[in-house]
There are 2 protein chains.
Amino acid sequence: MIEIEASKDAASRTARLDAVFAALADPTRRAIIERLSRSEARVTEVAKPFHMSLNAVSKHIRVLEASGVIERHRKGRDHILSINTRSLDEVDGWIERTRGYWEERLDAMERLLRDLKKDHKLGPKDRKHGSR
Amino acid sequence: MIEIEASKDAASRTARLDAVFAALADPTRRAIIERLSRSEARVTEVAKPFHMSLNAVSKHIRVLEASGVIERHRKGRDHILSINTRSLDEVDGWIERTRGYWEERLDAMERLLRDLKKDHKLGPKDRKHGSR
């Protein structure tokens, strides 16, 4: 039972990654995300800088919503768009695992600890002339 | 002149991001990258675990090569595939900029420095009962 749930999770995770990567494979959609990474905004505000019809931008927005990268909520009459950072975290997590990100970070942490140890041996008075 | 070069650079960067994101929007292609993230490998080794023809896998490999995510070199008779981490770095860079990655890291660094300061006040003897 747990195995079935786990494979369901993996399948939906795979489908989410497919959708998010496909959504990001377009410069207009990436520009919309960049705009929303600064602050949430109304649909009309998001559409303004693009040299295309509101309808064309709306189509891109719907692709981003379907992929889960952005969310929409209503504030009175306005439709407000914002980024769902969790979906980007998932994509980023995949890339970082693939390019040995954690290995690099652990290496850096190790170097940091070695330096701290060295500083500790020097004692507090000498520390101000140390590397940090 | 410099402006033209800069905009050419930006255009090719945009095209590369389009191609890499599109290449990553497929579970077989992501699995190929995951395999190659462990070590470089021959085309036949990469194809083995997939329940599809060598021809079908080769098509996915060609998409990955065209996007710049993986590279191919010959070793005698064998075609060896490996990841080009620079292309993944570019994609990762875009995502990290978008989700305020550096802000988060600076916050974490600040917390770390605060903790170190606290430990320093406790003195070395008390440190082993500290939070680290």
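The values are calculated or read from the model by the stated rules, or taken from the named source; none is laboratory data. Only a predicted model underlies this, so the values are computations on that prediction, with no experimental measurement involved. Using ideal geometry, Cβ is built from the backbone for each residue, glycine included, and neighbour counts are taken over all protein chains shown. Side chains included, ligands, DNA and RNA excluded: accessible areas come from the protein's heavy atoms. Shrake-Rupley method; radii C 1.70, N 1.55, O 1.52, S 1.80 Å.
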Take every Cα pair under 8 Å in region B:25-80 that's 6+ residues apart, average their separations, divide by the length, and report that relative contact order as a whole percent. 35 percent
Taking Cα atoms of region B:1-46, Rg/Rh with Kirkwood Rh, to two decimals? 1.24
How many partner chain Cβ atoms sit within 10 Å of a residue's Cβ in peptide B:83-91, on average, as a whole number? 2
Just the number, please: carbon plus sulfur as a percent of the accessible area of region A:1-68, 1.4 Å probe, no ligands or DNA/RNA counted. 56 percent
Label position 7 Å from Cα toward Cβ: report the copy-to-copy distances for B:Leu116 in nm, one decimal, ordered from shortest. 0.8
Compute for chains A and B the buried accessible surface, both sides summed, probe 1.4 Å, and express it in Å² to the nearest 100. 2500 Å²
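Distance check, please: which entries in A:Lys48/B:Lys8; A:Lys75/B:Lys8; A:Lys8/A:Lys59 exceed 31 angstrom between their Cα atoms? Please report the intermediate quantities before stating the final value.
Numbers: A:Lys48/B:Lys8 24 Å; A:Lys75/B:Lys8 41 Å; A:Lys8/A:Lys59 29 Å.
Those over the limit are A:Lys75/B:Lys8.
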Per-residue mean of other chain beta-carbon atoms within 10 angstrom of the beta-carbon, peptide B:27-34? 3
Other chains near A:10-18: what is the mean number of their Cβ atoms within 10 Å of each residue's Cβ? 2
Every other copy gets compared here: list the nm distances from the B:Met52 label point (7 Å along Cα to Cβ) to its counterparts, shortest first, one decimal. 2.8
In nm, what does the list of distances from B:Glu34 to its counterparts in the other copies look like, shortest first, when each label sits 7 Å along Cα to Cβ? 3.1
